[in-house]
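The numbers here are math on the coordinates, done by the rules we state, and not lab data. Everything quoted here is computed from the prediction, not taken from an experiment. Ideal geometry is used to build each Cβ from the backbone, glycine not excepted, and the neighbour counts take in all protein chains shown.
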Number of protein chains: 2
Amino acid sequence: MDKDQNTADPLDILVASFNNSFPLSKKEEEEVRQLFKKRAIKKRGFLLQQDEVCKHITFVVTGCFKMYAVDTNFKEHNLQFAIEKEWIADIQSFYDEKPSRLNIEALEPSVVLQITHEDLLYLYINYHKFDRNFRIINERKFINFQDRILQSISYTAEERYLNFQRDFPELIKRLPNTQIASYLGITSEFLSKVRKNIVKKK
Amino acid sequence: MDKDQNTADPLDILVASFNNSFPLSKKEEEEVRQLFKKRAIKKRGFLLQQDEVCKHITFVVTGCFKMYAVDTNFKEHNLQFAIEKEWIADIQSFYDEKPSRLNIEALEPSVVLQITHEDLLYLYINYHKFDRNFRIINERKFINFQDRILQSISYTAEERYLNFQRDFPELIKRLPNTQIASYLGITSEFLSKVRKNIVKKK
């Protein structure tokens, strides 16, 4: 966790994140400060639970979340993680306003900023910059998902782990093994074997 | 295939498709007519081949495409189909301008309209409506991908087939069994069994 993030105003961090791609006007910044609401979440607290409608798009200020599905054998499958300055939501449930099949749970004590469906539509309608910002945020999420599907098709578990290490160095340090294994689609035991093999080869 | 689409101007179909969500101004329509280029593709012709950079975003006027990856055993895995009035591209390769791991191939003789990276950026910069249109197009693609991952986690082959039938009734009529099986992640033989089982239950 960045030291500044402990003291900085969460809204400053969000505004800086928008400004980093397409700088906001004074009016747009005011709207952001008005519409996004701060929330603290305990470790193992939920932003979303299966069968609820996903009512917010969430920006992570500090902490870490996992979004996952539970299969018919009660096994968890991680679809996505989000750490500082990343976005998380079940956008299918959010836009269609239908019950979600996903859970979003804090892996660490976290602080987030959230916007409702109604307020985000208000931003889209009144300030086109948010169409652009969220077009790009969604494109990146989409690419991440596509990449994940492609890796599960063509890569060995070892290659998938090495790619995860390369693409998400921060997550490798912070996440428990079980969470990484669930994302890579393997058991924790198999992940330990993969790691030992990599060390041996070095 | 819609009968009108055989005779209508492809650009009229594209403009109507945009107008269907957020109507274009006269100037925006002129730009669309200027920047999108028509192309006819034979059955089994490629819009994109693995290791090439995906240079266009493609709107399908008539015909049908599959986007797929080939694994290390040369087996094809279908990620997505696109028929009339749908969009197709490897957006990772398109935006990052890096070689693609995907192929986009025509399953029928097809007519498409394509725009280059440079021209799409020009539209984004000069007319915010395209940010909005493509934000929504990408959100729908993203939701489709997420849905596919969730179905592969929690649903049986029979449930996945029934959902495919419900969500893509047009594709069920037009696609060969092998293509549907490759999308559902099962063999053609297993798909035949699934279909027989469904008929038995009725």
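Can you give me the angle between helix A:26-35 and the longest principal axis of chain A, using Cα atoms only, in degrees from 0 to 90, rounded to the nearest 10?
Long axis of A:26-35 versus the principal axis of chain A: about 70 degrees.
Return one number: the angle in degrees, 0 to 90 and rounded to the nearest 10, between the long axis of the Cα atoms of helix A:117-126 and the longest principal axis of the Cα atoms of chain A.
Approximately 60 degrees, to the nearest ten.
On a 0 to 90 degree scale, rounded to 10, what angle separates helix B:128-154 from the longest Cα axis of chain B?
Computed tilt is about 10 degrees.
Name the most mobile residue of A:Ser188, A:Ser110, A:Ser25, meaning the one with the largest mean-square fluctuation, in a Gaussian network model of chain A with Cα contacts below 10 Å.
A:Ser25
Each label point is 7 Å from the Cα along the Cα-to-Cβ direction; what then is the distance between the points at B:Gln165 and B:Asn197, in nm?
1.3
Name the most mobile residue of B:Asn144, B:Asn73, B:Asn20, meaning the one with the largest mean-square fluctuation, in a Gaussian network model of chain B with Cα contacts below 10 Å.
B:Asn73
Charges only on Cβ, +1 for Lys and Arg, -1 for Asp and Glu: so what's the dipole of chain A about the Cα centre, in debye to the nearest 20?
Here chain A has a charge dipole of around 900 debye.
Under a Cβ-Cβ cut-off of 14 Å, what is the net charge of the residues other than B:Leu191 that fall near it, where Lys and Arg count +1 and Asp and Glu count -1?
Result for the local shell: +1.
For chain B, what relative contact order do you get, as a whole percent, if you take Cα pairs closer than 8 Å and at least 6 residues apart?
Value for chain B: 22 percent.
Which order do peptides A:193-202, A:123-132 fall in by mean Cβ count within 10 Å, highest first?
Highest to lowest by the protection proxy: A:123-132, A:193-202.
Mind computing the radius of gyration and Dmax over the alpha-carbon atoms of the protein assembly as shown? Å is fine for both.
22.2, 65
How large is ³J(HN,Hα), in whole Hz, for each residue of the stretch B:85-102 in order, when computed from phi with the Karplus curve 6.51 cos²θ - 1.76 cosθ + 1.60 and θ = phi - 60°, using x for Gly and Pro?
Computed from phi, the couplings for the stretch B:85-102 are 6, 10, 10, 8, 5, 8, 5, 4, 5, 4, 7, 7, 6, 10, x, 8, 9, 10 Hz.
Out of A:Phe18, A:Pro109, A:His56, whose Cα points farthest toward the positive end of the dipole of the stretch A:1-137 (charges: +1 Lys, Arg; -1 Asp, Glu; placed on Cβ)?
A:Pro109
Can you compute the helix-only [θ] at 222 nm over chain A? Use -39500 (n - 2.57) per DSSP H run of at least 4 residues, normalise by all residues, nearest 500 deg cm²/dmol.
-16000 deg cm²/dmol
Rounded if a/c is under 1.5, else prolate if a/b beats b/c, else oblate: with a ≥ b ≥ c from the C-alpha gyration tensor eigenvalues square-rooted, which is the stretch A:4-128?
Here the stretch A:4-128 falls in the oblate category.
Is there a quick way to get the dipole size of the protein assembly as shown? I mean about its Cα centre, with the Cβ of Lys and Arg at +1 and of Asp and Glu at -1; what is the value in debye to the nearest 20?
Result for the protein assembly as shown is approximately 1320 debye, rounded to the nearest 20.
Measuring from a point 7 Å past the Cα of A:Lys43 along Cα-to-C-beta, which residues in the stretch A:174-202 have an amide N at less than 15 Å?
A:174-179
Give me, ordered by chain and number, the residues 5 or more places off A:Ser100 or on other chains with an amide H under 5 Å from its own placed amide H.
For A:Ser100, the qualifying residues are A:Asp51, A:Glu52, A:Val53, A:Cys54.
Would you work out the Kirkwood radius for the stretch B:129-202? I mean one over the mean of 1/r across all pairs of different Cα atoms, in Å.
13.6
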